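Read the structure below first, then the notes.
The values are calculated or read from the model by the stated rules, or taken from the named source; none is laboratory data. Just so you know, these numbers come straight off a predicted model, no measurement behind them. These accessible areas exclude ligands, DNA and RNA; they are computed on the full protein's heavy atoms, side chains included. Shrake-Rupley method; radii C 1.70, N 1.55, O 1.52, S 1.80 Å.
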Amino acid sequence: MTFFWTLLLINMTSYVVNSMTGGHYDFASASILSVIATLVIFLIAKVIPIETAAEPEHH
């Protein structure tokens, strides 16, 4: 699901930015960028430590 949303959002952003700047939209380059972004997202998720919630103390 991460790849799907990254692909969708980066292609949409690429299209809008290229339309505003008068550039040419290229599906292949936007898709390659979305693959790289997905890998970066997975890498960041692995690097960030998972903290468990502290158990409340019962008296």
Can you give me the angle between helix 2-21 and the longest principal axis of the chain, using Cα atoms only, in degrees from 0 to 90, rounded to the nearest 10?
40
Between [x] 47, 14, 12; [y] 67, 19, 17; [z] 24, 22, 18, which matches Cα extents along the principal axes in Å calculated for the structure shown?
[y]
Please list Ser31, Ser19 in order of solvent-accessible area, largest first, computed with a 1.4 Å probe with all protein chains present.
Ser19, Ser31
Leaving out ligands, DNA and RNA, what percent of the accessible area of the chain is carbon and sulfur, probe 1.4 Å?
73
Percent relative contact order for the chain, counting Cα pairs under 8 Å at least six residues apart, stands at 38
